[in-house]
Every structure is written in C-alpha cells, then in structure tokens.
Amino acid sequence: MHMIDPDDHQAFAEAARAVLHGNRVQVDGYRYTRPAPSTYEHQWLWDSCFHAIVYRHFDPDMAADELRSLVAHQVTNGPDAGMIPHMTYWRGGGADLWGADHRSIITQPPLVAVAALQVQQAGIALAGELYEPICAHHEWLDRRRDPDGDDLVSILHPWESGWDASPRWDRAMRLSNPTDDDARNARIALAQQLRANQCAIEQHQQAGLFSVEAIDVNAIRVADLEALAELAYLAGKPEEAPRWEARAAAVRTAVRTKLLEPGPRDLEGPDELPIEEPGAAPFVALFGGCASAEQAEQLVGRLLSPSFATPFPVPTTPTGAPSFSPGRYWRGNVWPSVNWLIWQGLRRYGYTDAARALAQRTVDLVRQHGFWEYFNPLTGQGLGAQPQSWTTLAFDMLQE
Ligand code: GLC
C-alpha cells in the first residue's frame, strides 16, 4: 500500500472501506468480514464487534449483519447454552479441534452489546433482535465462569483473551521463555483438554490447567453490561435495565478492589495467584470505568512513561520488560484492537489530550505502514497478516 497523505481524510476513509469490503464474504444468507483473508478466513468474536463499529460510519446495514452472523452460532443447549463462540466456521472445519464443525467451544472478550449499541445509534434498529442473545451470553459467563462468586469471570484459554501468546500467560501455561512453536503447541494441547473436560471450570481448575481472572476481559465485560442496560430500554424492556446496571456495578467494584487496588494484575487459578507480568492490559480497565480517579491517574502516568510511550504506542509489553520482543506475536507489539480500547478509556476519563495523541499516532502508523494485523512499536513495521480488517479502527479513531 502507498503511504496515505496525512491531510487527506477522504483517502483514508476510502482505504478503510476498501479493506472491510474486500474482506467481506457472504455465506448461507449471512454476511461477515474475515479478519484477514490470507490467514483468518473464519469469523472471530471481538474482531466482528470492531468491524461493526467501523462499518457503522459508512455501511450501517453491514454493521448489523456482522453482528447477526456473530450470534448465529451461539450455543443453544447443554451446560454452555448462551455462549457466543470465539470462532464461527461458516464453511465448517472446526471439528478436528473442537468436536463441533461450525464453532469453537470457547469465547472471546464480550463486546457485542457495545458494538450493537453503537450500530443502533447509527440508525439501525438492532436492539430488539440482539438483546436476548447478548443477555444469554452474559448469563452464561456468570453461570459457568465465576465458580468462586467474586464477580470476576475466568478465561480458560489464552485465546479467550484475544492476546494469544502474551507473556502474561506463560506461567499459567506452565511455560518459561517458550519458543513460538512451543507456545502454540501448548495452546493446541489446552484446547484439546478443554474439549475432553467439556469446559467444566471446576474440573479444569482441579487439573491445574490455565484459568485466569483477566483484568481486561472483566473491564470489557463491565462496558458491555452497561451497554446491555441501554439495549434493554431500546428493546422495550426497561424493567430489565436495573439488573444489568447492577451487574456492571458489581463487576466494576471487583475489578477495582481485586485487580487494580494492590497494583494492577490478573489472578491465576482458584488460589488467585497474582500475575505481575507488566503489560498494557491494565489500561483497558479505563474502558470499563473500573479505575478510581487516583488509579486512573496512575495508569495514565504509566501509559505516558518511556517504556510505553514508544514511537508508535502502545506496546502490549513495555520496552523495559525482559519479555519485551517487538517482533514476536503478542510479546511487545502494537495491536489496533488494544489501542482502540485504551483510547476509548482515556476519553471516558477525560484525558482528552492523551486520547487525541494516541489516536493520531495510531492513524499515522496505519497511514505510513498500511493495514497490518499488528506493528513493531519502535519502527512501525507492519507484522502478521494484511490487509487486516480491525486495523480500520484507526478510521473510527480519526472520525471522533
Ligand atoms: C489472532 C489474535 C486474536 C484475533 C484473531 C483474528 O488469533 O490473537 O485476538 O481475534 O487473530 O484476528
């Protein structure tokens, strides 16, 4: 891709539109957008939420269709009824790994209500259709993923965080300085174990397998519960809104007091062993409004400190950390999805200048280097797949 002229907003909009439309497919009467045709041909949960958020600017109908297809393979019966899968295999292909041909048996960060609300606000009446499926997903999270009842849900696989290979997960994966291949094999083995124990969290935890109360996943969940409360009104069920508002408040308190308070961290396993690997995930707490004013001040101070304020921020692992590896997948790169969540969080807390600066650097990165899946934070070099659909989030950042 050629570098896009920094003053030409129209050209940037056109480029973003071309990426999304080029990656879009139609199958079985549904439409969705592949994250990147070369590498990711199936449908992924949080990617589709991000796609819908961008589509709403220039193709609201497609934004709605993206979310409709996302919930089409929601689990309808059995202990996991309500779960929205992290992957939908529209043309099949999931059976070998998951035992289900058209979907995975795990989830990803819950962002569907946030996306649906934005699409509804762009003029498509979607709340009536999506409200119940999203409720069912949150009920599933509460029922199946919070065995200790502390209002924090656990992820049972790194894939559920979206941060597949982050050093955050090394210890919980029983890995130490893994090669990319070792880590990948461990993730596949873990998927097989989940299938064998049918994702029963108690069994999974007793076996000492990966289980983490992740700060970003829970903060995203707070924002989604808030959006769900708004969707209740829009879906004509105002009497249900207080229930979701109360859930959002409870989870927010849990994130604040258990994950932010003693110094930001994730908690591993039933014994809640703190994971103190430094990284950008705590900044996502701002997205869910989980931080107190003082905690927010500390988080933003850290975000603007040299180890995170790279030429192209925000590296998911800070430059000073021993695990920082700017070219390795999820081990210190810039990810458009993470930048967008942090940017929204900064705006939520009124850090307008920091938000604007982050948006500007993200847009510059994409203009100069193209719509890559992720980037080197020091050089801006594009990494992974391209053209990657979620990198059009830079256009959303430019819009606001
Ligand atoms: C990779 C990323 C994950 C994303 C998927 C599709 O697996 O780690 O977060 O959802 O690709 O883009």
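The values are calculated or read from the model by the stated rules, or taken from the named source; none is laboratory data. As the structure is a computational prediction, the values presented were derived from the model and not from experiment. Here Cβ is always computed from backbone atoms with ideal geometry, including for glycine, and neighbour counts include all displayed protein chains.
Checking the condition crowded, with 22+ Cβ neighbours inside 10 Å, of a type in the set (Gly, Ala, Ser) and modelled with pLDDT of 95 or more, which residue from 196, 183 passes? Steps first, answer last, please.
Working: 196 fails: crowded, with 22+ Cβ neighbours inside 10 Å.
Within the list 196, 183, the selection yields 183.
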Extreme residue, surrounded by the fewest Cβ atoms within 10 Å (Cβ to Cβ), among residues of segment 77-114 that are among the acidic types (Asp, Glu) and free of Cβ contacts under 8 Å to residues at least 40 places away in the same chain: 96
Tally, over segment 137-160, of residues that are within 15 Å of the ligand (Cβ to nearest atom) and in contact (Cβ under 8 Å) with a residue 60 or more places away in the chain: 3
Residue that is farthest from the ligand (Cβ to nearest atom), among those in segment 375-397 that are crowded, with 23+ Cβ neighbours inside 10 Å and hydroxyl-bearing (Ser, Thr, Tyr): 392
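Test residue 177 against the stated conditions and say whether it is within 16 Å of the ligand (Cβ to nearest atom) and either outside any loop (DSSP other than H, G, I, E, B) or over 20 Å from the mean Cα position of the chain (by Cα) (or both).
Numbers: within 16 Å of the ligand (Cβ to nearest atom): no; either outside any loop (DSSP other than H, G, I, E, B) or over 20 Å from the mean Cα position of the chain (by Cα) (or both): yes.
When the stated conditions are applied, residue 177 does not pass them.
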Matching helices (runs of 4 or more DSSP H) fully within segment 291-400 where at least 1 residues are under 20 Å from residue 48 (Cβ atoms) and modelled with pLDDT under 95: 393-399
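For segment 8-74, which fully contained helices (runs of 4 or more DSSP H) count at least 2 residues that are touching a Lys or Arg at 6+ places or on another chain (Cβ under 7 Å)?
Where helices (runs of 4 or more DSSP H) fall fully within segment 8-74 and carry at least 2 residues being touching a Lys or Arg at 6+ places or on another chain (Cβ under 7 Å), they are 9-23, 60-71.
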Selected residue [within 18 Å of the chain's Cα centre (by Cα), surrounded by 16 or more Cβ atoms within 10 Å (Cβ to Cβ) and in a helix (DSSP H, G or I)] from 190, 141, 152: 141
Boolean, residue 165 is of a type in the set (Gly, Ala, Ser), over 19 Å from the mean Cα position of the chain (by Cα) and within 16 Å of the ligand (Cβ to nearest atom): no
Exclusive hit being in contact (Cβ under 8 Å) with a residue 60 or more places away in the chain and surrounded by fewer than 15 Cβ atoms within 10 Å (Cβ to Cβ), set 279, 263, 236: 236
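Yes or no, residue by residue, for (1) small (Gly, Ala, Ser); (2) away from the ligand (no atom under 16 Å from the Cβ); (3) in contact with a His (Cβ under 6 Å, 6 or more places away or on another chain); (4) on the phi > 0 side of the Ramachandran plot:
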site: 4; (1), (2), (3), (4): no, yes, no, no
site: 20; (1), (2), (3), (4): no, no, no, no
site: 24; (1), (2), (3), (4): no, no, no, no
site: 28; (1), (2), (3), (4): no, yes, no, yes
site: 31; (1), (2), (3), (4): no, yes, no, no
site: 44; (1), (2), (3), (4): no, no, no, no
site: 66; (1), (2), (3), (4): no, no, yes, no
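Might you let me know whether segment 266-282 holds any residue that is in a helix (DSSP H, G or I) and either away from the ligand (no atom under 16 Å from the Cβ) or among the aliphatic types (A, V, I, L, M) (or both)?
So far as segment 266-282 goes, yes, one or more of its residues are in a helix (DSSP H, G or I) and either away from the ligand (no atom under 16 Å from the Cβ) or among the aliphatic types (A, V, I, L, M) (or both).
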Every pair of residues 6+ apart whose Cβ atoms lie under 7 Å, when the first sits in segment 373-400 and is farther than 20 Å from residue 23 by Cα and free of Cβ contacts under 8 Å to residues at least 60 places away in the same chain while the second is in a helix (DSSP H, G or I) and more than 13 Å from the ligand (Cβ to nearest atom): 381/369; 397/343; 397/359; 397/362; 397/363
